[in-house]
1. Among the residues of segment 110-160 satisfying the criterion of being modelled with pLDDT under 95 and outside any helix (DSSP H, G or I), which is farthest from the chain's Cα centre (by Cα)?
2. With among the hydrophobic types (A, V, I, L, M, F, W, C) and either assigned to a helix (DSSP H, G or I) or under 24 Å from S224 (Cβ atoms) (or both) as the only criterion, which of A413, A400 stands out?
3. Tell me yes or no: at least one residue of segment 2-19 is in a loop (DSSP other than H, G, I, E, B), under 25 Å from V434 (Cβ atoms) and either in contact with a helix residue (DSSP H, G or I) (Cβ under 9 Å, 6 or more places away or on another chain) or touching a residue at least 24 places away in the same chain (Cβ under 8 Å) (or both).
4. Filter segment 232-257 down to the residues that are in contact with a Gly (Cβ under 6 Å, 6 or more places away or on another chain) and more than 30 Å from G428 (Cα to Cα) and list them by number.
5. Can you name every residue in segment 219-265 that is of a type in the set (S, T, Y) and in contact with a helix residue (DSSP H, G or I) (Cβ under 6 Å, 6 or more places away or on another chain)?
6. Can you go through A444, A449 and tell me which one is assigned by TED's automatic domain parsing to the domain that holds D170, closer than 29 Å to E102 by Cβ and touching a residue at least 40 places away in the same chain (Cβ under 8 Å)?
7. Tell me, please, whether a residue that is without any contact (Cβ under 8 Å) to a residue 40 or more places away in the chain and within 29 Å of K253 (Cβ to Cβ) can be found in segment 65-87.
8. Among E30, E42, which is assigned by TED's automatic domain parsing to the domain that holds T456 and surrounded by fewer than 22 Cβ atoms within 10 Å (Cβ to Cβ)?
Amino acid sequence: MAGKLSVFEPQALFGYFEDLCAIPHGSKNESGLADYLVAFAEQHGLRWYRDAVHNVVIYKDATPGMEERPVVILQGHTDMVCEKIASSAHDFEHDGIDLIVEDGWIRANGTTLGADNGTAVAMMLALLAEEGVAHPALECVFTVQEEIGLVGARELDVNVLKGRLLLNLDGGPDFAACVSCAGGYHIDLRRRYATELPKGKAIRVTIGGLPGGHSGVEIQKEYSNAIKLAGRLLQAARTAAPIQIAEIAGGGKDNAIPRDCGFTVVTSCCAAEKVMAALNEMKTTILGEILAAEPEAEIVIEEAALPATVIALSDTNALIDLLLLSPHGVLATDVRNGGFVTSSVNLGILSSDGAFRVTYMARASIDSLAQNTIEEIKVLAKVLGFEVTELDGYPGWPYAEVSPLRDALEKCARKKYDHGYTFERTHGGLECGVLAGRMPGLDAVSIGAHATGAHTPEEKLEAASLSLNYAFLKDVLLML
């Protein structure tokens, strides 16, 4: 039976994309997709390599007449960010993505789509399977856990690769290549808290409907952070009367701007009305600030059942202080290059389960700027009694003055498509940075199809762009 994407050409390309959408492949859940890739390689008589973390490499020999050309590495990641709307019952561990086609675009039903980076997987599989396409020797690299720290690129045994020309397929849009990226560093704060029996009345606050987005490529839009808004609401509440947090949680990924956050507080019976009024006043203030740019934003404040326990007042106040003082957003820009973001931090995850846990991701084009952000967070944590753990980071990818790959992209665009090519840098992190740091002499660029709303349930892929980029990829390989 024809799939939902069979209306698009080439059908094989979109068929592979639909296949992988049917296989759950969130970060750390890529084994099923790795099984699929190995089975594909076996079916097509291709050599393959698979490691313990489920990175996969599939090799294809050069076609006749191309044997003397340099080996080319094609690369993309197999994991996707798993985000869904509040009303969705989707189970990312077991359910495939429910695809919807609208006006030439492909999206998912209430969840992230996984075009980031399923388009790369689909293009590589289509190229490996297609007969009659001339190309040099190919090493198609499918890495895991890109979305949670470029883990696969760091774990891959690069000795299994001979190529020194890398076409990363996690970029876009059309006729634009990324040639430099920021480094990223993860910081985790933790504070254990005491609990006690509650006295008084409970109030529940839920923040939602914010745009969110990728903390590298959309941080400059300065969309609201739901966790930071929670800090403002909590500050308003405790200014009215003493409050104790019962539970609080927000965000889901340290590289995604938090779209939602919720918390329950308890205050004395005599102060409940005053606290409720303060919360509603701050709600009005916040929505007045953001609704023009974020029209779906909502804050719901309501009475709640009294919880079994509440967090001690001193611990509650320490968290509120942290949320108010935590850095978030753009920290520095390069005025010489149109205000390009050079340093930022995302307050990405907040939870309370026996301890408060707060996770940040600092990014910077210049490593010293990221290290300064980390030091500021460490000092803040020390003052407020939080323990700090610096998690794994990854290096930036500096611009190369000489790049045959860049030259080939430009030549192909002008010769075959009568179109110029744009070379850009990103504030996001790319596996190119990790691989370039581990493979001396690597010439790398990042290209890809046009998709919007990465890391959010609004993610969608322009089908015509995927078709175009697949054709362009085949044309570029002829010129290398």
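The values are calculated or read from the model by the stated rules, or taken from the named source; none is laboratory data. On a predicted model such as this, the values are computed, not experimentally measured, just so you know. Because the Cβ atoms are built from the backbone with ideal geometry, glycine has one as well, and the counts that use them run over all protein chains shown.
1. G132
2. Just a single option satisfies the conditions, and that option is A413.
3. no
4. none
5. Selection gives S224 alone.
6. A449
7. Yes: one or more hits.
8. When all the criteria are applied, what remains is E42.
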